[in-house]
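Take a look at the structure set out below.
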Amino acid sequence: MLRVDIEKQLGEFSLHASFSSEGRVIGLFGASGAGKTSLVNMIAGLLRPDRGTIVIDGETVDDTAAGIHVPAWRRRIGYVFQDARLFPHLDVAQNLDYGRRMNRLPSDPVQHRRIIDLLDIGALLGRRPGRLSGGERQRVALGRALLSKPRLLLLDEPLGALDEGRKLEILPYLVRLRDEANVPMVYVSHDAAELRQLATQIVTLKQGRVTSLGGVKVLM
């Protein structure tokens, strides 16, 4: 469950967002500049709201009135960006293991194999990021985030930097994540077709305001 009720002033731009969702994949939809990335950065703990509350899985992680702000590293959130942000000096296996080690989680070979199989990246483990396609890099970034055992996964335009062919390559893996990984997601996109395939609930942002909340039919 995710509950958001926040306000944030960012220069001339003001963000006022309020919604509650128990959807498996919350699609955050809107044009560039609508406030989508600022909102997910607040959910992640990278940006603090000026006013309001954020509740994740029953835990209040932000409450300005009560002086609560749980730091990003304690929120147990996986974050996948538009650019995969893999470490170029590490191979795929080492990149995958980074989140687990940084979170001081014990090794879990069963989970490790399940995620590798789910994303079909077993053949890539010995490669460096520079030898991967854009779609392969994003699949590795997804695997790294999942292996940190997050309670929520944030995906900020993860297909935005890919051409149509690479998008079609990676979309089935995102659908599999939705159906098999059992991790709720917030998926940010300005592409209605993507969200119609992936999201179970849509939050539409326009000029920093929530203008609609509902099933994928709001995109029709």
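We did not get these values from a lab; they are worked out from the coordinates using the rules stated. Please read these numbers as outputs of a predicted model, since none were measured by experiment. As a convention, Cβ positions derive from the backbone with ideal geometry for all residues, glycine included, and neighbour counts pool all protein chains shown.
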query: If each residue's Cβ is checked for other Cβ atoms within 10 Å, how do ILE77, ILE68 rank with the fewest at the top?
result: ILE68, ILE77
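Viscosity 1.306 mPa s, temperature 10 °C: what is the translational diffusion coefficient of the chain from Stokes-Einstein with a Kirkwood Rh over Cα pairs, rounded to a whole number of µm²/s?
Rounded to a whole number, D works out at 89 µm²/s.
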query: Using θ = phi - 60° and the Karplus form 6.51 cos²θ - 1.76 cosθ + 1.60, what ³J(HN,Hα) does each residue of region 198-209 get, whole Hz, x for Gly and Pro?
result: 10, 7, 9, 8, 10, 10, 9, 10, 9, 6, x, 10
message: Could you tell me the calculated FRET efficiency between VAL55 and THR211, based on Cβ-Cβ distance and R0 = 25 angstrom, to the nearest 0.05?
response: 0.65
query: Can you give the Kirkwood hydrodynamic radius for region 1-57, in Å, rounded to one decimal and based on Cα pairs?
result: 11.8 Å
message: Check which residues have an amide H placed less than 5 Å from ARG51's amide H, if you skip close sequence neighbours.
response: GLU7
- request: Obtain the nm distance between the two label points defined at GLU180 and ARG101 by a simple spin-label model: each point lies 7 Å from its Cα along the Cα-to-C-beta direction.
  value: 2.7 nm
- request: Enter the angle in degrees (range 0 to 90, nearest 10) between the Cα long axis of helix 134-147 and the first principal axis of the Cα atoms of the chain, meaning the one along which they spread out most.
  value: 80 degrees
- request: Using only Cα atoms, find the angle between the long axis of helix 109-119 and the longest principal axis of the chain, and express it within 0 to 90 degrees, rounded to the nearest 10.
  value: 80 degrees
message: Just to confirm the number: angle between the C-alpha axis of helix 92-102 and the first principal axis of the chain, 0 to 90 degrees, nearest 10?
response: 50 degrees
